[in-house]
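To start, the structure under review is shown below, and the notes come after it.
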Amino acid sequence: MTQAMDAPALVGRGNNDGAQLFRQWFEGLGEAADTGRPSAYVFVMGSLCELLRVFDLPVVFPEINSLQTAVRRVAHEYLNEAEDYGYSPDICGYVKADVAAQLRGGSLPMGKIPKPSIAVYTNACNTYIKWAEIWERMYRIPVATIDIPGTRAEGGQTWPGHPDFENDRMYVEAQLRELIPTLEHVSGMRFDVDRLREAMTHANTLARGWQQVLELNRSRPSVFNALTDGTIYLGVANGFRGAPEGAAYFTDLVEEMTYKAANGIGTLTDEQYRLSFVGVPCYPIFRRFSEMFTEQGGTFVTSTYLNFASGGANLGYEYDVRRPLESLAEGLLIGVRDAMDSMFHQTRVILNQLDPFGVDGVVYHPIKSCRTVSTGLADSRRALLAARDVPSLFIESDMMDRRVVSEAQLKNRIDAFFEGLASRRTQASARPADSHLPTGD
Amino acid sequence: VEPTHADSRFGSYLCSIVKTSLELALSDRVRMDLFVTHPICDAARNLAAVWGRNVPYPCEILYLPQNANARHAPVYLRGEYDRLRRTIERATGRTVTDADLVRSVRVFNENRALLRALYALRRESPWLLGAHEAYALVAVGGMIPREEHNALLRHVLPLLGDRQVPRQDKVRVVFEGGFCEQPPLDLLRAIARSCDVVDDDLLIGMRWILDEVPVNGDPLGALAHAYLERSSYSPVQRVQASGAQAAIVTAAKMCEPGLEEQVGYTRALEHAGVPFFVSEFEENMTSFEQLEVQLETFVENLLFD
């Protein structure tokens with residue numbers, strides 16, 4: 001915890017510090033690229049940063065690099081280059097932007113990234129596996145799939161002690177134990193279990209803080225916008241997992257959000273409607289996409305993105321550092337499984353958030369680029385509406401490819417959604433409290 | 001199958017097979033007591049969840065290992081098969097014993113042996129049966145009890161060998177890209193007009209295990225070992241093993257893994273000096289003229305090169 005600060009310095013600190021940490025992170029990656037220092041390529045769902053830090057491997061998150069090209073409005077250049085190389089317009093835009101970045105020698109708008117010395121990834125997204133195979137072919141590097149068995153059927157998760165859970169956990173732990181010698185070889189460093197304990201302790205602080213921050217958004221007005229501010233926090237949660245900077249950041253962020261909640265300080269939006277976001281943000285028009293909601297008084301109080309793209313850190317799972325590898329396997333299994341559940345079985349999660357977070361409407365945003373997130377969203381929405389009378393909006397675009405983002409169409413749909421919300425509120429205030437109207441845009 | 005019910009359960013930009021599969025259930029064409037999918041792709045992993053929200057019977061994923069190199073993978077997979085055994089016992093209300101499993105393994109061993117014989121015939125005498133004919137013979141096995149499929153193949157295989165068909169001078173090719181969604185039969189017929197398809201990855205799951213699964217000992221352990229250690233391989237190897245002159249590298253429309261692998265496969269084929277023809281298909285496509293003309297041009301280029 002940092003020393004007490006005055007309110008003006010405290011409010012907005014998370015966003016400023018997050019931006020500063022990002023710059024620091026990319027400077028480090030640029031330095032690694034220039035000096036040829038070994039680095040690890042990882043993904044947001046199960047990055048294993050705790051383990052990689054033991055070997056002083058700088059971590060590169062290609063998903064974050066790719067989305068940054070979209071936010072900076074140059075993604076189309078990268079996508080075109082990868083498509084010229086042979087990749088289909090119908091595959092993941094993140095993959096293509098990364099392929100182009102590799103063809104450019106690691107050059108990105110934020111700086112230069114090092115070539116991978118190893119790729120470590122889970123199966124949380126099948127595309128991770130195909131993606132890593134591209135680096136394997138390009139650079140002849142070792143690639144390590146850490147296979148995490150997910151939930152077999154909705155509501156059918158098993159937990160520590162159950163034979164099926166233990167079958168899964170032992171499989172994950174065995175894979176981690178096999179990974180360690182490869183990491184030793186790539187980094188030239190011996191495995192140090194005490195350094196792992198240290199990184200896991202930092203990850204515990206981060207996960208605890210992340211969970212608290214998400215919960216603090218129950219506050220009215222909401223203390224952060226889960227779509228925009230949340231994405232900044234998410235970047236730190238991924239890039240600095242297992243690092244002291246990450247732990248300190250989330251300790252500070254909890255302090256800031258607690259202060260805001262206690263003092264009724266919300267976001268810059270005049271909060272009229274509290275919304276839940278389901279899917280991946282529209283990065284090619286990130287700011288404008290958010291404004292289409294905030295201009296109408298809508299702020300996102302929850303987002304499934306903050307669950308799955310944090311690799312399940314939202315659960316606040318804390319490792320038992322007395323049994324580090326066993327606990328790392330358990331935490332990885334539970335966290336990544338939850339991340340997958342937030343994509344495949346999210347209806348229950350959304351339903352459970354509606355009342356505690358005072359959600360007025362749910363916005364589904366499936367994207368062309370990502371089947372993992374988007375395949376089941378239409379059905380999930382049907383299930384939500386069958387279970388609960390809550391306004392919802394279903395809009396499709398993309399997280400990378402501006403060719404499939406129609407700003408005018410999005411705005412029309414979003415405006416109509418808010419008209420529905422306003423009308424519903426007016427009608428509700430004119431009716432006895434126990435009557436209901438069906439809705440859905 | 002038109003996905004009239006299933007369309008509203010899915011977003012855009014998806015392959016056809018997830019929609020038409022669910023349609024079979026929603027339209028009551030296929031009645032089931034249990035649905036099991038596996039994580040072949042991200043759409044398939046979503047499929048169990050979508051299916052489960054729409055039908056009253058259990059729906060789940062069989063989490064096949066995606067890290068086949070892990071030393072612990074066979075142990076894990078044996079446990080996963082055992083979990084599925086318990087699921088099946090609950091769904092059927094009867095115990096599945098090791099003896100039951102061994103009986104089933106014997107049936108499937110015979111089926112795979114017969115399919116290997118069919119594919120050997122294609123490699124050695126491809127003029128005796130076109131790609132579409134061979135495909136029909138294999139595909140029917142997915143629709144009838146495997147014992148009946150075995151009887152059918154036992155009857156048909158000798159007849160095929162005796163078939164009086166003039167030998168034609170066609171290009172020997174391997175067809176890749178049919179590992180999940182299947183191309184329409186007419187597309188295979190169009191290919192067969194200009195090429196002898198000597199190997200393919202169509203319905204690869206039926207031939208995934210390459211030789212006999214041992215029937216002595218623990219059947220689930222034997223199945224796990226066979227799945228991981230005695231299973232199918234890459235298209236470049238398929239080209240080499242079948243003596244093909246070229247490859248047709250297709251992908252189902254909107255199939256993420258297929259489209260991604262297309263790039264890797266074509267680079268590998270390029271490296272190996274194997275000519276290839278790249279295309280996409282959809283199970284419900286009805287027009288093949290353009291593809292046939294392109295393929296004929298490809299074949300002519302090979303013949304006159």
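The values are calculated or read from the model by the stated rules, or taken from the named source; none is laboratory data. Predicted model, so just to flag it, every value in this text is computed and none were measured. A quick note on method: Cβ atoms are made from the backbone with ideal geometry, for glycine too, and the neighbour counts reach across all protein chains shown. We work out accessible area using only protein heavy atoms, side chains counted, and drop any ligands, DNA or RNA first. Shrake-Rupley method; radii C 1.70, N 1.55, O 1.52, S 1.80 Å.
Computed quantities for the displayed model
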| quantity | calculated |
| --- | --- |
| Filtered chymotrypsin sites (Phe, Trp or Tyr not before Pro), region B:265-305: DSSP coil and at most 11 other beta carbons within 10 Å | none |
| Axial C-alpha extent at least 30 Å, average Kyte-Doolittle at least -0.5 - helices from chain B (DSSP) | B:98-124 |
| Residues listed by number, region B:203-221, amide nitrogen under 19 Å from B:ALA91 label point at 7 Å toward C-beta | B:205-206, B:220 |
| List B:CYS41, B:CYS180, ordered by accessible area with a 1.4 Å probe, largest first | B:CYS180, B:CYS41 |
| For region A:18-53 and region B:194-213, distance of Cα centres in Å | 43 Å |
| Residue among A:GLY239, A:GLY161, A:GLY30 with the largest mean-square fluctuation in a Gaussian network model of chain A, springs linking Cα atoms under 10 Å | A:GLY161 |
| Cβ-derived FRET efficiency at R0 22 Å, B:ALA151 paired with B:ALA120, nearest 0.05 | 0.65 |
| For region A:209-305: rounded, prolate or oblate by the Cα gyration tensor [a/c cutoff 1.5] | oblate |
| Pairwise label distance in nanometres, A:ARG37 with A:ALA430, each label 7 Å out on the Cα-Cβ vector | 6.5 nm |
| Two-site FRET efficiency, A:VAL74 against A:GLN409, from Cβ-Cβ distance with R₀ of 25 Å, rounded to 0.05 | 0.60 |
| Chain B - mean residue ellipticity at 222 nm from DSSP helices (-39,500 (n - 2.57) per run, n ≥ 4, rounded to 500) | -17000 deg cm²/dmol |
| Cβ charges +1 (Lys, Arg) and -1 (Asp, Glu), total dipole of region A:30-97, debye | 180 debye |
| Region A:153-230-region B:41-114 distance, computed between alpha-carbon centres (Å) | 28 Å |
| Within a Gaussian network of chain B (alpha carbon springs, distance under 10 Å), most fluctuating of B:GLN182, B:GLN262, B:GLN237 | B:GLN237 |
| Buried area at the B-A interface (accessible, heavy atoms, 1.4 Å probe, summed, Å²) | 4300 Å² |
| Estimated inter-spin distance, B:GLU296 and A:ALA387, nm [label 7 Å along Cα→Cβ] | 5.7 nm |
| FRET efficiency, A:GLU133 to B:ARG106 (Cβ-Cβ, R0 41 Å, nearest 0.05) | 0.65 |
| For chain B, the longest site-free run once trypsin sites (Lys or Arg not before Pro) in DSSP loop states with at most 16 other Cβ atoms within 10 Å are removed | B:231-305 |
| B:GLU229-B:TRP208 pseudo-label distance in nm [points 7 Å out on the Cα-to-Cβ vector] | 1.8 nm |
| Region B:1-26 residues near the modelled B:LEU185 label - backbone nitrogen below 15 Å, point 7 Å along Cα→Cβ | B:1 |
| DSSP-assigned coil residues among trypsin sites (Lys or Arg not before Pro) in region A:1-87, each with at most 16 further Cβ atoms within 10 Å | A:ARG72, A:ARG73 |
| Accessible surface, the protein assembly as shown, averaged per residue in Å² (probe 1.4 Å) | 40 Å² |
| The protein assembly as shown - percent of accessible surface contributed by carbon and sulfur, probe 1.4 Å | 51 percent |
| Partner lysines for A:LYS368 [C-alpha distance under 24 Å; skip if fewer than 8 residues away on the same chain] | A:LYS96, A:LYS130, A:LYS411, B:LYS19, B:LYS253 |
| Region A:182-268: trypsin sites (Lys or Arg not before Pro) in DSSP coil with no more than 12 other Cβ atoms inside 10 Å | A:ARG190 |
